[in-house]
Every structure is written in C-alpha cells, then in structure tokens.
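See below for the structure under consideration.
The values are calculated or read from the model by the stated rules, or taken from the named source; none is laboratory data. These figures come from a predicted structure and were not determined experimentally. Cβ atoms come from the backbone with ideal geometry, glycine included; neighbour counts cover every protein chain shown.
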Amino acid sequence: MVNLKKIEIIGAGPAGLYSAILLKSALPQARVRVTEQNPADATFGFGVVFSDSALDFLRADDPATHALITPRMVHWRNMTLSLRGERVTLDGIGFSAIGRLELLQILQQRAADCGVGMSFDRPVETVDDLDADLIIGADGLNSLVRRSDADAFAPTLEYFANYFAWFGTPREFATLTQTFIDGPRGVLNAHHYRYAPARSTFIVECDAASFDAYGFAEMDESESARVCGNLFFGTLDEAPLLTNRSHWRQFPRLWCERWVAGNRVLLGDAAHTAHFSIGSGTRLALEDAIALVKALKSETDLEGALDLFQAQRLPVARKIVDAANTSARWYDDFRRHMNLPALEFAFSYLTRSGRIDMQRLRELSPEFVAAYENYLDSGRASGR
Ligand SMILES: Cc1cc2nc3c(=O)[nH]c(=O)nc-3n(C[C@H](O)[C@H](O)[C@H](O)COP(=O)(O)OP(=O)(O)OC[C@H]3O[C@@H](n4cnc5c(N)ncnc54)[C@H](O)[C@@H]3O)c2cc1C
C-alpha cells in the first residue's frame, strides 16, 4: 500500500464520501479529510436508481456498506413504458432506488464511524494551498480540481439537446415508468419511480421545440412544477410535483482524457458524466473510488498507483459512458420514435444503447419478446 499521511478530498457526494471511507479503512493512521461546500443535509434532486445488479459490486467489495444501503432501497422487477396512454410491460428490467440524500447520509455516518474528518458548508476556493500527499477531486461536474489543471486532465464538455427538470412527487408508482405524452404544445416524457414511502422521482424531459413552445425558459421552478403537473395530470393522479433546485437544464456530456495530474486525481462526475437514463452515474462514482483504493493498495509509490488506476479504470468507465451517451441520443430523438406503434417503440427503447441483441433480450425479458414477436408475426400475416 502507498504510505499516504494526508489526503484531502473535495466534495462530499458519493465519490468523495466513499473514497474517504475506503481510504480511512485502509490507512487508519492517515488524516483523511472531506470538504463540502453545501450543508450536510442539502442536496439536489430526489431519488436515484441503480439497475438491478448495480450494487452487486458493493456486496463483493464492501459487504458492510452494502448491508447498510440495500435494506433502505426500493426494488422492482419490471418496468413500464407508456406511449400516449398505451402501456407496455418490460418484464425482467429490474431496478433499485434510494433517496439521494438518504444515500449520502448513510455514507456520511459510515465515514464518521471510520474516523474521516468532514467539513460542510465550506467551499474550497483553491487547490494549490492544500497540504496533502493526495488530493481527490470528487467535486462533481464543475470540478475545481479539474479546472486547476485543465491541460493535464483534457476535458471535453458538451450538452445533449433535450431539456429536463428533476421534480419529486408524493405519488407512489408501481414500477419505474417512462411516460411519453402528446401535450397541447408538444411532446414530453417523464421518467418516474418511487424511492421511498410516499416519494417518487419525476424527471420531465422535452426537446427544444417543446421547451420553447411551453415557454419553460421564462418560468421559475414552482411555475414549471405547476405546468408539468397539469400536463402529466393523468399520470400523477392529482398529486403535486415537488421542487428541489428543479430548474431546467441540458444534460452534460463530460469526459476527461486523463484523470490524474501529479498528486491530483478526479473521481465520479468530475471526470465523466453518464446520462440518468441508464442509472449509472452514482455507481460509476462508487466504482471509481473502489478502483482508486485498489490501485493504491497494490503499489508502494503514489505515481505508480495513480498510473495503474488510470490505466485500469478509464477503459471500463468509457464503455458505460458510451452506453449512456447512446441512450441519451435516443431520448434526444424521442419525438420521432413516438411515431412507432407501442410495441415497436418499446423494442426501440430496449435496444437503444446498442448493447443488447435478440438472444439476450429474450433471456432478459421473455414475455415482452413473446408479445413483440407475436405482433410481428400478425403483421406479416396481415401484410402490415
Ligand atoms: C436528473 C439527474 C438524475 C440522475 N439520476 C441518477 C440515477 O437515477 N442513478 C444514478 O446512478 N445516477 C443518477 N444521476 C447522476 C448522479 O447524480 C451523479 O453521477 C453522482 O452524483 C456523481 O457523484 P459525484 O460524487 O461524482 O458528484 P456529486 O454527487 O455531484 O458530488 C460533488 C460534490 O462536490 C461538491 N463540491 C463541488 N465543488 C466544491 C468545492 N469547490 N468545494 C467543496 N465542495 C464542492 C458539491 O457540492 C457536491 O456535493 C442523475 C443525475 C441527474 C442530473
């Protein structure tokens, strides 16, 4: 193990807290400090999802954290697509969800139990003054650590075309559901799922034409919530939409060519983003932390360990980021896909990341594939 004495971590999101837990457990004598700009009980958004098996890596690597998180999660086996009111069940497409704040509070508690020093409500203004053997930039999309040496990290940052706003609602949904509607001024989609009793995430998404037609740019978050609540009235069953920094944004597509510069390393959203439609950003952040600490454990010098981390972790993360980008592009084009009949629309949705062939789909979602093949056969028979 690299003999580190002082570790400074910027950002107390999943990447920062989890790397702190792992590092303090591996190096009990080291000073491990996390500094966060926001208060401990503040975060953006509502619940986050993990694909069905997404926490298996935690079970194998860190059973203690896995045991704390999983009982607090909501699980379901199938998902639902709703296209203009016509519903298709996608059997076997399971997910688990948890409130983002709840996840952070579990990690905060575990970090405190391990002896990690945490300061909240304290933005780090400059990286150069930090006295540390290792500086971890777990400071999210606008990472100060990344900006401190942009030439070395070589980031590319672009934005997907669609606009989205992340709302919550007290209405509970039976499954993770994607609801695509024709509103009076244009098409919209909602990604919605429950993550706690009487709490669901409700992300509304639309293309630029709908965004302009509804005038969302001129609305504050409460007016957007009211208007979207009315548009998705049938789905919400009269429940209101709740806000938490729910302003309209375009999803960023960030990738850094390098995640290491000297004794500075980037983890999670500071290094890469993954569109929320594949539910992987948090998992990637946790896995980055695991990979970093594994590399530090397997080497004795910091430079060698960071090189190893970068060489091993980047290609793995790249594959997931590529799948997330392909998925996001499908959403950017959802207006066009909505012209398909519901089962074809569902097939297009399921195969959108290009990583799933018919055989795999048949294993994963046998009832859906049977319904889809029946539909194709009846189409052939009728000459459709
Ligand atoms: C709409 C939406 C839905 C999402 N849904 C999902 C989902 O369902 N599943 C999923 O896995 N992922 C989801 N994600 C992605 C997920 O939120 C991120 O990938 C994840 O939070 C990344 O963790 P992180 O620790 O790298 O960064 P963050 O969670 O962004 O944490 C970074 C922290 O650093 C702090 N910070 C920044 N600068 C400073 C500074 N100078 N000083 C001190 N502190 C600083 C910030 O305040 C923040 O707390 C979603 C994202 C969005 C936008």
*Is there a residue being hydrophobic (A, V, I, L, M, F, W, C) and assigned to a strand (DSSP E or B) anywhere in region 117-127?*
yes
_Among (1) of a type outside the set (Gly, Ala, Ser); (2) out of contact with any Lys or Arg (no Cβ under 7 Å at 6 or more places or on another chain); (3) within 14 Å of the ligand (Cβ to nearest atom); (4) part of a helix (DSSP H, G or I) - the single one residue 288 does not satisfy_ = (2)
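The rows are residues; the columns are (1) in contact with a Gly (Cβ under 9 Å, 6 or more places away or on another chain); (2) charged (D, E, K, R).
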site	(1), (2)
264	yes, yes
271	yes, no
275	yes, no
278	no, no
283	no, yes
286	yes, no
293	no, no
301	no, yes
307	no, yes
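Here is a yes/no grid of residues against (1) surrounded by fewer than 15 Cβ atoms within 10 Å (Cβ to Cβ); (2) in contact with a strand residue (DSSP E or B) (Cβ under 7 Å, 6 or more places away or on another chain); (3) assigned by TED's automatic domain parsing to the domain that holds residue 141; (4) more than 30 Å from residue 125 (Cβ to Cβ):
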residue: 31; (1), (2), (3), (4): no, yes, yes, no
residue: 50; (1), (2), (3), (4): no, yes, no, yes
residue: 62; (1), (2), (3), (4): no, no, yes, yes
residue: 79; (1), (2), (3), (4): no, yes, no, yes
residue: 85; (1), (2), (3), (4): yes, no, no, yes
residue: 92; (1), (2), (3), (4): no, no, no, yes
*In region 322-343, which residue that is crowded, with 17+ Cβ neighbours inside 10 Å and out of contact with any helix residue (DSSP H, G or I) (no Cβ under 8 Å at 6 or more places or on another chain) is nearest to residue 272 (Cα to Cα)?*
325
*Hey, among the residues in region 227-280 that are modelled with pLDDT of 95 or more and basic (Lys, Arg), which one's farthest from the ligand (Cβ to nearest atom)?*
258
*Quick check, is residue 362 more than 17 Å from residue 82 (Cβ to Cβ), of a type in the set (Lys, Arg) and surrounded by 12 or more Cβ atoms within 10 Å (Cβ to Cβ)?*
yes
*All but one of (1) at pLDDT 95 or above; (2) under 16 Å from residue 282 (Cα atoms) hold for residue 55; which doesn't?*
(1)
_Count of residues meeting criterion [acidic (Asp, Glu) and outside any loop (DSSP other than H, G, I, E, B)] in region 220-275_ = 3
